[in-house]
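K.L.:
Structure provided below as C-alpha coordinates; questions to follow.
The values are calculated or read from the model by the stated rules, or taken from the named source; none is laboratory data. Note that the structure is a prediction, hence the values are computed from the model and not measured. Every residue, glycine among them, receives a Cβ derived from its backbone with ideal geometry; neighbour counts consider all protein chains shown.
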Amino acid sequence: MLKKLAAATVLYLLIASFLPALPKHTTALASLFSLPEESSGVDFSDAEAAIRVIQEVAEKSSSVSFRATKTVILWHQSGTSACISNIAHKAPNLTKTEYLPSSASSCGFRTVISDGKSTWHYEPSIQVVFHMHETSLCPDNGKSRADREEYNQTEDMLLIRANYEVALVATENLAGRQAYVIELKPRHPGNPSRRIWVDREYPFILKTEKYGPDGAMSSVSFYNQIEFVPLLSDDIFKLDIPPHVAKVELPVSGNVIPLDELEKEADFRIPVPEFTPPGYVIEGGILSPYKAFPSAHIRLTDGLNTISYFVSPGIARDKSGENKVSAMSDISGATVLRWSKGDYEFTLVSELDESLLTQMAQSVGAPHMQADSSQQSLSQYLTRFFYQLFWIERQED
Amino acid sequence: MIKNMTCEKVRSLLSAYLDRELDYHELRSVELHLIDCPSCQEECRTLRATKDLLGALDSPKLPREFWPELREKINSGSASDSYSRLLVRVLVPVAALLVLAILPLASATHTKASKSLTQARTNLVEPYVREHIISELDRPFSDKTSLGFVAAGQAVTMYSSDFLESYDHSAPHEVVTSSNRAGRRIQAEPFQRVMFLSPK
(Lines give C-alpha, C1' and ligand atoms only; values in the text may rest on other atoms or scores of the structure.)
Protein backbone atom coordinates (compact mmCIF):
# COMPACT_ATOMS: atom_id res chain seq x y z
CA MET A 1 0.00 0.00 0.00
CA LEU A 2 2.82 2.30 0.98
CA LYS A 3 4.59 1.43 -2.25
CA LYS A 4 1.46 2.33 -4.24
CA LEU A 5 1.08 5.58 -2.33
CA ALA A 6 4.75 6.47 -2.91
CA ALA A 7 4.44 5.63 -6.59
CA ALA A 8 1.27 7.74 -6.90
CA THR A 9 3.01 10.64 -5.11
CA VAL A 10 6.03 10.42 -7.41
CA LEU A 11 3.73 10.27 -10.44
CA TYR A 12 1.75 13.28 -9.20
CA LEU A 13 4.94 15.26 -8.56
CA LEU A 14 6.23 14.38 -12.01
CA ILE A 15 2.99 15.50 -13.67
CA ALA A 16 2.87 18.63 -11.55
CA SER A 17 6.43 19.55 -12.53
CA PHE A 18 5.78 18.92 -16.24
CA LEU A 19 2.44 20.70 -16.50
CA PRO A 20 3.72 24.31 -16.52
CA ALA A 21 6.31 23.36 -19.13
CA LEU A 22 3.78 21.74 -21.46
CA PRO A 23 2.54 24.92 -23.17
CA LYS A 24 6.13 25.76 -24.00
CA HIS A 25 6.27 22.71 -26.17
CA THR A 26 2.96 23.20 -27.89
CA THR A 27 4.90 24.73 -30.75
CA ALA A 28 8.57 24.76 -31.36
CA LEU A 29 8.40 28.25 -32.83
CA ALA A 30 6.70 29.75 -29.80
CA SER A 31 9.61 28.63 -27.70
CA LEU A 32 12.07 29.70 -30.40
CA PHE A 33 10.68 33.24 -30.43
CA SER A 34 10.39 33.14 -26.60
CA LEU A 35 6.96 34.70 -26.65
CA PRO A 36 5.01 34.86 -23.39
CA GLU A 37 3.18 31.76 -22.32
CA GLU A 38 -0.52 30.87 -22.26
CA SER A 39 -2.95 33.47 -21.06
CA SER A 40 -3.05 31.94 -17.62
CA GLY A 41 0.69 32.51 -17.34
CA VAL A 42 0.81 35.98 -18.90
CA ASP A 43 1.68 38.76 -16.57
CA PHE A 44 -0.24 41.71 -17.99
CA SER A 45 1.57 44.13 -15.73
CA ASP A 46 4.94 43.08 -17.13
CA ALA A 47 5.87 45.79 -19.64
CA GLU A 48 9.02 43.88 -20.58
CA ALA A 49 6.91 40.94 -21.79
CA ALA A 50 5.15 43.25 -24.23
CA ILE A 51 8.46 44.77 -25.31
CA ARG A 52 9.86 41.30 -25.93
CA VAL A 53 6.89 40.43 -28.13
CA ILE A 54 7.17 43.54 -30.32
CA GLN A 55 10.95 43.16 -30.45
CA GLU A 56 10.48 39.70 -31.93
CA VAL A 57 7.98 41.08 -34.41
CA ALA A 58 10.34 43.88 -35.44
CA GLU A 59 13.20 41.45 -35.98
CA LYS A 60 11.55 38.41 -37.47
CA SER A 61 8.17 39.15 -39.04
CA SER A 62 9.55 39.30 -42.60
CA SER A 63 10.99 35.81 -42.17
CA VAL A 64 7.51 34.30 -41.88
CA SER A 65 6.01 33.04 -45.15
CA PHE A 66 2.25 33.21 -45.38
CA ARG A 67 -0.78 33.36 -47.64
CA ALA A 68 -3.71 35.44 -46.43
CA THR A 69 -6.71 37.64 -47.05
CA LYS A 70 -6.57 41.04 -45.42
CA THR A 71 -8.97 43.94 -44.95
CA VAL A 72 -7.84 47.54 -44.68
CA ILE A 73 -10.13 50.44 -43.71
CA LEU A 74 -8.91 54.03 -43.55
CA TRP A 75 -10.91 56.93 -42.19
CA HIS A 76 -10.00 60.47 -43.22
CA GLN A 77 -11.68 63.84 -43.60
CA SER A 78 -12.63 63.25 -47.20
CA GLY A 79 -14.25 59.90 -46.49
CA THR A 80 -13.50 56.26 -45.94
CA SER A 81 -11.33 53.99 -48.05
CA ALA A 82 -11.56 50.26 -47.76
CA CYS A 83 -9.92 47.40 -49.50
CA ILE A 84 -9.69 43.65 -49.30
CA SER A 85 -6.56 42.01 -50.60
CA ASN A 86 -5.01 38.62 -51.15
CA ILE A 87 -1.41 38.53 -49.99
CA ALA A 88 1.29 35.93 -50.52
CA HIS A 89 4.69 36.38 -48.91
CA LYS A 90 7.61 34.05 -49.45
CA ALA A 91 10.37 34.85 -47.01
CA PRO A 92 12.45 36.83 -47.12
CA ASN A 93 11.59 39.16 -49.99
CA LEU A 94 8.92 37.98 -52.41
CA THR A 95 5.51 39.54 -51.84
CA LYS A 96 2.42 39.72 -54.01
CA THR A 97 -0.67 41.72 -53.10
CA GLU A 98 -3.85 41.54 -55.17
CA TYR A 99 -6.50 44.07 -54.26
CA LEU A 100 -9.96 42.62 -54.73
CA PRO A 101 -12.90 44.62 -56.05
CA SER A 102 -15.43 45.74 -53.48
CA SER A 103 -18.26 48.24 -53.23
CA ALA A 104 -16.13 50.48 -51.02
CA SER A 105 -13.12 50.54 -53.27
CA SER A 106 -12.14 51.50 -56.78
CA CYS A 107 -8.84 49.68 -56.60
CA GLY A 108 -10.14 46.28 -57.70
CA PHE A 109 -7.62 43.89 -59.20
CA ARG A 110 -4.71 46.25 -58.56
CA THR A 111 -1.65 44.01 -58.21
CA VAL A 112 1.60 44.88 -56.49
CA ILE A 113 4.62 42.58 -56.62
CA SER A 114 7.89 43.18 -54.83
CA ASP A 115 11.07 41.13 -54.83
CA GLY A 116 12.93 43.32 -52.36
CA LYS A 117 14.78 45.12 -55.14
CA SER A 118 11.94 46.35 -57.33
CA THR A 119 8.25 46.91 -57.04
CA TRP A 120 5.77 46.51 -59.91
CA HIS A 121 2.30 47.92 -59.51
CA TYR A 122 -0.23 47.00 -62.20
CA GLU A 123 -3.27 49.25 -62.32
CA PRO A 124 -5.79 47.68 -64.73
CA SER A 125 -8.31 50.52 -64.40
CA ILE A 126 -5.95 52.88 -66.26
CA GLN A 127 -3.91 50.20 -68.03
CA VAL A 128 -0.59 51.19 -66.49
CA VAL A 129 2.28 49.38 -64.81
CA PHE A 130 4.28 51.48 -62.38
CA HIS A 131 7.79 50.34 -61.67
CA MET A 132 10.05 51.51 -58.89
CA HIS A 133 13.49 50.35 -57.89
CA GLU A 134 14.10 49.96 -54.22
CA THR A 135 16.60 52.42 -52.84
CA SER A 136 19.19 49.66 -52.62
CA LEU A 137 19.69 49.86 -56.38
CA CYS A 138 20.85 53.45 -56.18
CA PRO A 139 24.58 53.53 -56.83
CA ASP A 140 25.34 55.67 -53.77
CA ASN A 141 23.48 53.41 -51.42
CA GLY A 142 25.27 50.58 -49.71
CA LYS A 143 22.30 49.50 -47.62
CA SER A 144 19.43 47.37 -48.79
CA ARG A 145 15.94 47.93 -47.42
CA ALA A 146 16.47 44.88 -45.19
CA ASP A 147 19.70 46.36 -43.82
CA ARG A 148 18.02 49.68 -43.34
CA GLU A 149 15.07 48.09 -41.58
CA GLU A 150 17.42 46.19 -39.28
CA TYR A 151 19.26 49.38 -38.41
CA ASN A 152 15.99 51.24 -37.91
CA GLN A 153 14.60 48.46 -35.71
CA THR A 154 17.36 48.91 -33.14
CA GLU A 155 17.08 52.68 -33.15
CA ASP A 156 13.30 52.63 -33.26
CA MET A 157 12.97 50.16 -30.40
CA LEU A 158 15.04 52.45 -28.17
CA LEU A 159 12.82 55.38 -29.14
CA ILE A 160 9.63 53.36 -28.65
CA ARG A 161 10.75 52.41 -25.15
CA ALA A 162 11.38 56.07 -24.37
CA ASN A 163 8.26 57.52 -26.00
CA TYR A 164 5.55 54.90 -25.54
CA GLU A 165 4.00 52.91 -22.79
CA VAL A 166 3.93 49.40 -24.19
CA ALA A 167 1.52 47.05 -22.47
CA LEU A 168 0.14 43.58 -22.98
CA VAL A 169 -3.55 44.16 -22.40
CA ALA A 170 -5.31 40.95 -23.43
CA THR A 171 -5.24 37.75 -25.41
CA GLU A 172 -7.84 37.20 -28.11
CA ASN A 173 -8.76 34.87 -30.93
CA LEU A 174 -8.51 36.31 -34.40
CA ALA A 175 -8.80 34.65 -37.80
CA GLY A 176 -8.61 31.29 -36.08
CA ARG A 177 -5.41 32.27 -34.31
CA GLN A 178 -4.60 33.14 -30.72
CA ALA A 179 -3.11 36.58 -30.34
CA TYR A 180 -1.60 38.92 -27.77
CA VAL A 181 -3.16 42.36 -27.76
CA ILE A 182 -0.51 45.01 -27.21
CA GLU A 183 -1.15 48.69 -26.71
CA LEU A 184 1.35 51.42 -27.54
CA LYS A 185 0.27 54.64 -25.82
CA PRO A 186 2.31 57.79 -26.40
CA ARG A 187 3.92 59.38 -23.37
CA HIS A 188 3.72 62.77 -25.11
CA PRO A 189 0.28 64.16 -25.99
CA GLY A 190 -0.57 64.90 -29.61
CA ASN A 191 0.73 61.63 -31.00
CA PRO A 192 -1.23 58.77 -32.55
CA SER A 193 -1.51 55.56 -30.56
CA ARG A 194 -1.69 51.99 -31.76
CA ARG A 195 -3.05 48.64 -30.74
CA ILE A 196 -1.62 45.51 -32.33
CA TRP A 197 -2.59 41.84 -32.26
CA VAL A 198 0.46 39.59 -32.40
CA ASP A 199 0.12 35.91 -33.24
CA ARG A 200 1.13 33.76 -30.29
CA GLU A 201 2.95 31.22 -32.40
CA TYR A 202 4.65 33.37 -35.02
CA PRO A 203 6.13 36.84 -34.58
CA PHE A 204 3.52 38.37 -36.84
CA ILE A 205 0.99 41.19 -36.55
CA LEU A 206 -2.53 39.92 -37.28
CA LYS A 207 -4.33 43.19 -36.73
CA THR A 208 -3.48 46.87 -36.30
CA GLU A 209 -5.72 49.63 -35.04
CA LYS A 210 -4.44 53.18 -35.30
CA TYR A 211 -5.93 56.03 -33.33
CA GLY A 212 -5.43 59.70 -34.10
CA PRO A 213 -4.22 62.20 -31.49
CA ASP A 214 -7.89 62.89 -30.66
CA GLY A 215 -8.44 59.24 -29.79
CA ALA A 216 -10.62 58.49 -32.83
CA MET A 217 -9.76 55.40 -34.84
CA SER A 218 -7.98 56.41 -38.05
CA SER A 219 -7.36 52.99 -39.59
CA VAL A 220 -7.77 49.30 -39.00
CA SER A 221 -6.26 46.42 -40.90
CA PHE A 222 -6.70 42.75 -40.10
CA TYR A 223 -6.31 39.32 -41.62
CA ASN A 224 -9.61 37.60 -42.37
CA GLN A 225 -7.84 34.31 -42.81
CA ILE A 226 -4.18 33.35 -42.83
CA GLU A 227 -2.10 30.28 -43.53
CA PHE A 228 1.46 30.26 -42.25
CA VAL A 229 4.39 28.61 -44.01
CA PRO A 230 2.43 27.49 -47.09
CA LEU A 231 4.04 25.97 -50.15
CA LEU A 232 4.46 28.90 -52.52
CA SER A 233 5.80 28.53 -56.02
CA ASP A 234 7.93 31.33 -57.46
CA ASP A 235 5.53 31.40 -60.40
CA ILE A 236 2.84 33.14 -58.40
CA PHE A 237 5.17 36.14 -58.06
CA LYS A 238 5.07 36.58 -61.78
CA LEU A 239 3.06 39.38 -63.32
CA ASP A 240 1.68 38.94 -66.80
CA ILE A 241 0.38 42.11 -68.32
CA PRO A 242 -1.22 42.77 -71.70
CA PRO A 243 1.07 44.22 -74.40
CA HIS A 244 -0.72 47.55 -74.76
CA VAL A 245 -0.27 48.52 -71.12
CA ALA A 246 1.78 51.68 -70.53
CA LYS A 247 4.88 51.58 -68.37
CA VAL A 248 5.73 54.32 -65.92
CA GLU A 249 8.99 54.53 -64.02
CA LEU A 250 8.52 56.12 -60.63
CA PRO A 251 11.33 58.24 -59.21
CA VAL A 252 13.50 56.60 -56.58
CA SER A 253 14.40 58.17 -53.27
CA GLY A 254 18.06 58.26 -52.32
CA ASN A 255 19.70 57.14 -49.14
CA VAL A 256 19.02 58.88 -45.85
CA ILE A 257 22.08 60.94 -44.96
CA PRO A 258 22.93 63.32 -42.09
CA LEU A 259 21.73 66.90 -42.48
CA ASP A 260 25.18 68.45 -42.95
CA GLU A 261 25.86 66.08 -45.83
CA LEU A 262 22.42 66.75 -47.25
CA GLU A 263 23.06 70.49 -47.25
CA LYS A 264 26.32 69.92 -49.09
CA GLU A 265 24.54 67.87 -51.74
CA ALA A 266 21.72 70.37 -52.12
CA ASP A 267 22.64 73.77 -53.51
CA PHE A 268 20.45 75.53 -51.00
CA ARG A 269 20.30 76.19 -47.30
CA ILE A 270 18.09 73.89 -45.22
CA PRO A 271 16.58 75.72 -42.24
CA VAL A 272 15.98 73.36 -39.33
CA PRO A 273 12.92 73.99 -37.12
CA GLU A 274 13.82 75.25 -33.66
CA PHE A 275 10.91 73.30 -32.24
CA THR A 276 10.51 69.58 -32.72
CA PRO A 277 7.65 67.75 -31.01
CA PRO A 278 8.74 66.04 -27.77
CA GLY A 279 10.27 62.60 -28.30
CA TYR A 280 11.13 63.14 -31.98
CA VAL A 281 14.66 62.99 -33.34
CA ILE A 282 15.95 63.90 -36.78
CA GLU A 283 16.93 60.73 -38.65
CA GLY A 284 18.50 62.57 -41.57
CA GLY A 285 17.30 63.52 -44.99
CA ILE A 286 17.20 62.78 -48.67
CA LEU A 287 16.94 64.89 -51.79
CA SER A 288 13.59 64.60 -53.49
CA PRO A 289 13.62 62.36 -56.55
CA TYR A 290 11.10 64.59 -58.35
CA LYS A 291 13.14 66.85 -60.55
CA ALA A 292 10.27 69.29 -61.02
CA PHE A 293 10.14 69.71 -57.25
CA PRO A 294 13.72 70.05 -56.05
CA SER A 295 13.43 69.71 -52.34
CA ALA A 296 15.10 68.22 -49.31
CA HIS A 297 13.09 65.69 -47.34
CA ILE A 298 14.04 65.62 -43.67
CA ARG A 299 12.70 62.75 -41.62
CA LEU A 300 11.93 62.89 -37.92
CA THR A 301 10.71 59.94 -35.87
CA ASP A 302 9.69 58.95 -32.37
CA GLY A 303 10.23 55.27 -33.21
CA LEU A 304 6.65 54.59 -34.26
CA ASN A 305 5.56 57.63 -36.25
CA THR A 306 7.25 59.81 -38.81
CA ILE A 307 7.24 63.52 -39.55
CA SER A 308 8.30 64.42 -43.10
CA TYR A 309 9.60 67.96 -43.47
CA PHE A 310 10.20 69.17 -47.03
CA VAL A 311 12.22 72.27 -47.90
CA SER A 312 11.69 73.44 -51.48
CA PRO A 313 13.63 76.47 -52.72
CA GLY A 314 12.46 78.77 -55.50
CA ILE A 315 8.77 77.88 -55.63
CA ALA A 316 7.40 80.17 -52.96
CA ARG A 317 3.77 81.10 -53.05
CA ASP A 318 2.08 84.44 -52.86
CA LYS A 319 3.75 86.60 -50.22
CA SER A 320 0.45 87.47 -48.63
CA GLY A 321 0.58 84.09 -46.95
CA GLU A 322 4.17 84.38 -45.84
CA ASN A 323 5.06 82.94 -42.45
CA LYS A 324 1.57 81.55 -42.13
CA VAL A 325 0.42 78.02 -42.68
CA SER A 326 -1.00 78.40 -46.16
CA ALA A 327 -2.68 75.07 -46.47
CA MET A 328 -3.80 72.42 -44.09
CA SER A 329 -5.41 69.35 -45.44
CA ASP A 330 -5.99 65.77 -44.62
CA ILE A 331 -4.64 63.53 -47.34
CA SER A 332 -5.01 59.79 -46.88
CA GLY A 333 -5.02 60.14 -43.12
CA ALA A 334 -1.96 62.38 -42.98
CA THR A 335 -2.07 66.07 -42.21
CA VAL A 336 -0.26 68.26 -44.75
CA LEU A 337 0.90 71.76 -43.84
CA ARG A 338 2.37 74.16 -46.38
CA TRP A 339 3.76 77.63 -45.95
CA SER A 340 6.29 79.92 -47.56
CA LYS A 341 9.09 82.06 -46.28
CA GLY A 342 11.48 84.02 -48.43
CA ASP A 343 11.63 82.20 -51.74
CA TYR A 344 11.18 78.87 -50.06
CA GLU A 345 8.16 76.68 -49.70
CA PHE A 346 7.88 74.25 -46.80
CA THR A 347 5.70 71.19 -46.40
CA LEU A 348 5.08 69.06 -43.33
CA VAL A 349 3.38 65.67 -43.59
CA SER A 350 2.51 63.68 -40.51
CA GLU A 351 -0.24 62.12 -38.46
CA LEU A 352 0.60 64.25 -35.44
CA ASP A 353 -1.76 66.76 -33.90
CA GLU A 354 -2.08 69.86 -36.09
CA SER A 355 -1.16 72.21 -33.26
CA LEU A 356 2.22 70.51 -32.82
CA LEU A 357 2.88 70.66 -36.55
CA THR A 358 1.86 74.32 -36.66
CA GLN A 359 4.22 75.07 -33.77
CA MET A 360 6.97 73.27 -35.65
CA ALA A 361 6.19 75.22 -38.82
CA GLN A 362 6.29 78.54 -37.00
CA SER A 363 9.70 77.77 -35.54
CA VAL A 364 11.39 77.51 -38.93
CA GLY A 365 13.74 80.45 -39.36
CA ALA A 366 14.11 82.57 -42.47
CA PRO A 367 16.06 80.74 -45.11
CA HIS A 368 19.12 82.32 -46.65
CA MET A 369 20.08 81.18 -50.06
CA GLN A 370 23.52 79.64 -50.08
CA ALA A 371 24.03 80.75 -53.65
CA ASP A 372 21.26 82.80 -55.16
CA SER A 373 20.37 80.95 -58.27
CA SER A 374 19.20 84.11 -60.04
CA GLN A 375 22.63 85.68 -59.64
CA GLN A 376 24.25 82.41 -60.41
CA SER A 377 22.43 82.16 -63.70
CA LEU A 378 23.35 85.76 -64.53
CA SER A 379 27.00 85.15 -63.78
CA GLN A 380 26.84 81.98 -65.81
CA TYR A 381 25.29 83.99 -68.59
CA LEU A 382 28.11 86.56 -68.47
CA THR A 383 30.73 83.84 -68.37
CA ARG A 384 29.21 82.30 -71.45
CA PHE A 385 28.95 85.71 -73.10
CA PHE A 386 32.63 86.56 -72.62
CA TYR A 387 33.71 83.10 -73.55
CA GLN A 388 31.81 83.34 -76.81
CA LEU A 389 33.19 86.82 -77.39
CA PHE A 390 36.78 85.65 -77.09
CA TRP A 391 36.01 82.55 -79.04
CA ILE A 392 34.63 84.65 -81.94
CA GLU A 393 37.68 86.91 -81.78
CA ARG A 394 40.01 83.94 -81.89
CA GLN A 395 38.13 82.49 -84.81
CA GLU A 396 38.34 85.79 -86.63
CA ASP A 397 42.09 86.02 -86.07
CA MET B 1 14.31 81.73 -61.16
CA ILE B 2 10.89 80.35 -61.89
CA LYS B 3 8.55 82.94 -63.35
CA ASN B 4 4.89 83.19 -64.04
CA MET B 5 4.54 82.82 -67.76
CA THR B 6 1.75 84.00 -69.97
CA CYS B 7 0.14 81.61 -72.41
CA GLU B 8 1.77 83.54 -75.25
CA LYS B 9 5.23 83.13 -73.74
CA VAL B 10 4.68 79.45 -73.00
CA ARG B 11 3.50 78.78 -76.55
CA SER B 12 6.60 80.49 -77.94
CA LEU B 13 8.70 78.07 -75.89
CA LEU B 14 6.72 74.91 -76.53
CA SER B 15 8.78 73.79 -79.48
CA ALA B 16 12.02 74.17 -77.54
CA TYR B 17 10.34 72.50 -74.57
CA LEU B 18 9.44 69.42 -76.57
CA ASP B 19 12.94 69.34 -78.04
CA ARG B 20 14.39 69.46 -74.49
CA GLU B 21 16.25 72.64 -75.31
CA LEU B 22 15.07 74.81 -72.42
CA ASP B 23 17.22 75.56 -69.42
CA TYR B 24 16.14 74.30 -66.03
CA HIS B 25 14.15 77.38 -64.92
CA GLU B 26 12.38 77.81 -68.24
CA LEU B 27 11.53 74.12 -68.24
CA ARG B 28 9.98 74.29 -64.80
CA SER B 29 8.10 77.49 -65.60
CA VAL B 30 6.61 75.89 -68.70
CA GLU B 31 5.75 72.68 -66.86
CA LEU B 32 4.10 74.48 -63.98
CA HIS B 33 2.09 76.62 -66.41
CA LEU B 34 0.97 73.53 -68.27
CA ILE B 35 -0.43 72.00 -65.12
CA ASP B 36 -3.07 74.68 -64.85
CA CYS B 37 -3.65 75.61 -68.46
CA PRO B 38 -5.73 73.15 -70.50
CA SER B 39 -5.49 75.23 -73.69
CA CYS B 40 -1.67 75.24 -73.58
CA GLN B 41 -1.74 71.51 -72.79
CA GLU B 42 -3.82 71.01 -75.92
CA GLU B 43 -1.42 73.20 -77.91
CA CYS B 44 1.45 71.14 -76.57
CA ARG B 45 -0.19 67.87 -77.53
CA THR B 46 -0.93 69.14 -81.02
CA LEU B 47 2.63 70.35 -81.47
CA ARG B 48 4.01 67.08 -80.19
CA ALA B 49 1.79 65.15 -82.60
CA THR B 50 3.00 67.36 -85.46
CA LYS B 51 6.61 66.85 -84.47
CA ASP B 52 6.09 63.11 -84.21
CA LEU B 53 4.54 63.14 -87.67
CA LEU B 54 7.42 65.12 -89.13
CA GLY B 55 9.92 62.97 -87.29
CA ALA B 56 8.46 59.92 -88.95
CA LEU B 57 9.23 61.28 -92.41
CA ASP B 58 12.41 60.21 -94.16
CA SER B 59 15.16 62.83 -94.25
CA PRO B 60 16.05 63.77 -97.84
CA LYS B 61 19.57 62.83 -98.84
CA LEU B 62 21.89 65.74 -99.57
CA PRO B 63 23.62 65.74 -102.94
CA ARG B 64 27.23 64.61 -102.81
CA GLU B 65 28.56 68.03 -103.85
CA PHE B 66 26.70 69.87 -101.05
CA TRP B 67 29.43 69.83 -98.38
CA PRO B 68 32.39 70.71 -100.65
CA GLU B 69 30.42 73.59 -102.10
CA LEU B 70 29.42 74.84 -98.68
CA ARG B 71 33.02 74.71 -97.45
CA GLU B 72 34.17 76.61 -100.54
CA LYS B 73 31.59 79.33 -99.96
CA ILE B 74 32.62 79.72 -96.33
CA ASN B 75 36.30 79.95 -97.20
CA SER B 76 35.85 82.38 -100.06
CA GLY B 77 34.23 85.00 -97.79
CA SER B 78 32.26 87.99 -98.99
CA ALA B 79 31.75 91.69 -98.48
CA SER B 80 29.22 91.05 -95.78
CA ASP B 81 31.88 89.16 -93.82
CA SER B 82 33.87 92.34 -93.46
CA TYR B 83 30.90 94.07 -91.94
CA SER B 84 30.38 91.14 -89.63
CA ARG B 85 34.02 91.32 -88.50
CA LEU B 86 33.65 95.05 -87.88
CA LEU B 87 30.51 94.49 -85.87
CA VAL B 88 32.16 91.82 -83.79
CA ARG B 89 35.33 93.87 -83.16
CA VAL B 90 33.59 97.16 -82.30
CA LEU B 91 30.04 96.52 -81.18
CA VAL B 92 30.54 93.44 -79.07
CA PRO B 93 33.04 95.08 -76.66
CA VAL B 94 30.69 98.10 -76.43
CA ALA B 95 27.83 95.76 -75.64
CA ALA B 96 29.95 94.06 -73.01
CA LEU B 97 30.69 97.40 -71.34
CA LEU B 98 27.01 98.23 -71.40
CA VAL B 99 26.17 94.93 -69.78
CA LEU B 100 28.71 95.61 -67.02
CA ALA B 101 27.23 99.06 -66.50
CA ILE B 102 23.69 97.79 -66.16
CA LEU B 103 24.63 94.71 -64.19
CA PRO B 104 23.64 96.06 -60.75
CA LEU B 105 20.36 97.35 -62.18
CA ALA B 106 19.65 94.08 -63.93
CA SER B 107 20.48 92.12 -60.83
CA ALA B 108 18.12 94.24 -58.73
CA THR B 109 15.33 93.82 -61.26
CA HIS B 110 16.00 90.14 -61.44
CA THR B 111 15.82 89.76 -57.66
CA LYS B 112 12.60 91.76 -57.60
CA ALA B 113 11.19 89.48 -60.26
CA SER B 114 12.23 86.42 -58.32
CA LYS B 115 10.55 87.82 -55.22
CA SER B 116 7.25 88.01 -57.00
CA LEU B 117 7.56 84.34 -57.67
CA THR B 118 4.99 81.90 -58.69
CA GLN B 119 1.56 81.99 -57.21
CA ALA B 120 0.35 78.77 -55.70
CA ARG B 121 -0.26 77.31 -59.13
CA THR B 122 -0.71 73.92 -57.79
CA ASN B 123 -1.78 72.31 -54.62
CA LEU B 124 0.16 69.28 -55.62
CA VAL B 125 0.86 67.32 -52.46
CA GLU B 126 0.82 63.79 -53.84
CA PRO B 127 4.59 63.53 -54.37
CA TYR B 128 5.19 64.73 -50.80
CA VAL B 129 2.60 62.40 -49.30
CA ARG B 130 4.01 59.54 -51.33
CA GLU B 131 7.55 60.24 -50.12
CA HIS B 132 6.23 60.37 -46.57
CA ILE B 133 4.53 57.00 -47.00
CA ILE B 134 7.67 55.44 -48.46
CA SER B 135 9.64 56.65 -45.45
CA GLU B 136 6.99 55.11 -43.17
CA LEU B 137 7.66 51.72 -44.79
CA ASP B 138 11.01 51.61 -42.99
CA ARG B 139 9.37 51.70 -39.58
CA PRO B 140 9.32 48.30 -37.82
CA PHE B 141 5.56 48.11 -37.19
CA SER B 142 4.40 49.78 -40.36
CA ASP B 143 1.40 48.18 -41.99
CA LYS B 144 2.79 47.66 -45.47
CA THR B 145 -0.59 46.69 -46.94
CA SER B 146 -2.22 49.95 -45.80
CA LEU B 147 0.76 52.03 -46.85
CA GLY B 148 1.01 50.23 -50.18
CA PHE B 149 -2.69 50.83 -50.74
CA VAL B 150 -2.29 54.58 -50.16
CA ALA B 151 1.00 54.86 -52.09
CA ALA B 152 -0.51 53.04 -55.06
CA GLY B 153 -3.44 55.45 -54.98
CA GLN B 154 -1.02 58.41 -54.99
CA ALA B 155 0.77 57.01 -58.03
CA VAL B 156 -2.53 56.64 -59.87
CA THR B 157 -3.55 60.21 -58.95
CA MET B 158 -0.23 61.58 -60.17
CA TYR B 159 -0.47 59.65 -63.43
CA SER B 160 -4.12 60.60 -63.99
CA SER B 161 -3.20 64.26 -63.44
CA ASP B 162 -0.60 64.08 -66.21
CA PHE B 163 2.25 64.39 -63.71
CA LEU B 164 3.79 61.14 -64.78
CA GLU B 165 4.31 60.07 -68.32
CA SER B 166 4.43 56.57 -69.68
CA TYR B 167 7.58 55.85 -71.53
CA ASP B 168 7.08 52.95 -73.85
CA HIS B 169 3.89 51.32 -74.98
CA SER B 170 5.68 48.61 -76.88
CA ALA B 171 7.86 47.34 -74.06
CA PRO B 172 7.96 43.65 -73.19
CA HIS B 173 4.58 42.54 -71.96
CA GLU B 174 5.79 40.14 -69.37
CA VAL B 175 7.35 41.13 -66.10
CA VAL B 176 8.93 38.42 -64.02
CA THR B 177 10.33 39.03 -60.60
CA SER B 178 11.59 35.78 -59.34
CA SER B 179 14.70 33.83 -58.69
CA ASN B 180 15.17 30.15 -58.10
CA ARG B 181 17.65 28.24 -56.01
CA ALA B 182 20.13 28.12 -58.84
CA GLY B 183 20.23 31.88 -58.74
CA ARG B 184 18.30 32.36 -61.98
CA ARG B 185 16.96 35.87 -61.97
CA ILE B 186 14.58 37.03 -64.61
CA GLN B 187 13.46 40.60 -64.73
CA ALA B 188 11.85 42.81 -67.28
CA GLU B 189 14.26 45.28 -68.79
CA PRO B 190 14.32 48.33 -66.58
CA PHE B 191 12.16 51.10 -67.91
CA GLN B 192 13.96 54.30 -68.74
CA ARG B 193 13.41 57.15 -66.35
CA VAL B 194 10.55 59.26 -67.62
CA MET B 195 10.14 62.97 -67.44
CA PHE B 196 8.18 63.99 -64.45
CA LEU B 197 5.53 66.62 -65.02
CA SER B 198 5.84 66.61 -68.77
CA PRO B 199 2.68 66.55 -70.84
CA LYS B 200 1.49 63.38 -72.48
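K.L.:
Among the residues of the range B:116-147, how many are at pLDDT below 80, within 7 Å of chain A (Cβ to nearest Cβ) and assigned to a helix (DSSP H, G or I)?
P.N.:
The number of residues fulfilling the criteria is 2.
K.L.:
For the range A:190-235, which residues satisfy the criterion of being surrounded by fewer than 17 Cβ atoms within 10 Å (Cβ to Cβ) and farther than 22 Å from A:Asp302 by Cβ?
P.N.:
Correct list: A:Asn224, A:Gln225, A:Glu227, A:Phe228, A:Val229, A:Pro230, A:Leu231, A:Ser233, A:Asp235.
K.L.:
So, in the range A:84-128, of the ones that are modelled with pLDDT under 80 and assigned to a strand (DSSP E or B), which residue ends up nearest to the other protein chains (Cβ to nearest Cβ)?
P.N.:
In this case the residue turns out to be A:Ser105.
K.L.:
Among the residues of the range A:53-74, count how many are farther than 16 Å from A:Lys207 by Cβ and either outside any loop (DSSP other than H, G, I, E, B) or not assigned by TED's automatic domain parsing to the domain that holds A:Gln225 (or both).
P.N.:
8
K.L.:
For B:Glu43, indicate whether it is surrounded by 16 or more Cβ atoms within 10 Å (Cβ to Cβ), acidic (Asp, Glu), more than 16 Å from A:Pro294 (Cβ to Cβ) and at pLDDT 80 or above.
P.N.:
Yes; evaluated as a whole, the condition is true for this residue.
K.L.:
Okay, moving on. If I ask for residues that are part of a loop (DSSP other than H, G, I, E, B) and closer than 24 Å to B:Glu136 by Cβ, which ones from the range A:244-270 would you list?
P.N.:
Scanning the range A:244-270 gives A:Leu250, A:Pro251, A:Val252, A:Ser253, A:Gly254, A:Asn255, A:Val256, A:Pro258, A:Ala266, A:Ile270.
K.L.:
If you go through the range A:207-243 one residue at a time, how many are within 30 Å of A:His188 (Cα to Cα), not in a loop (DSSP other than H, G, I, E, B) and not basic (Lys, Arg)?
P.N.:
9
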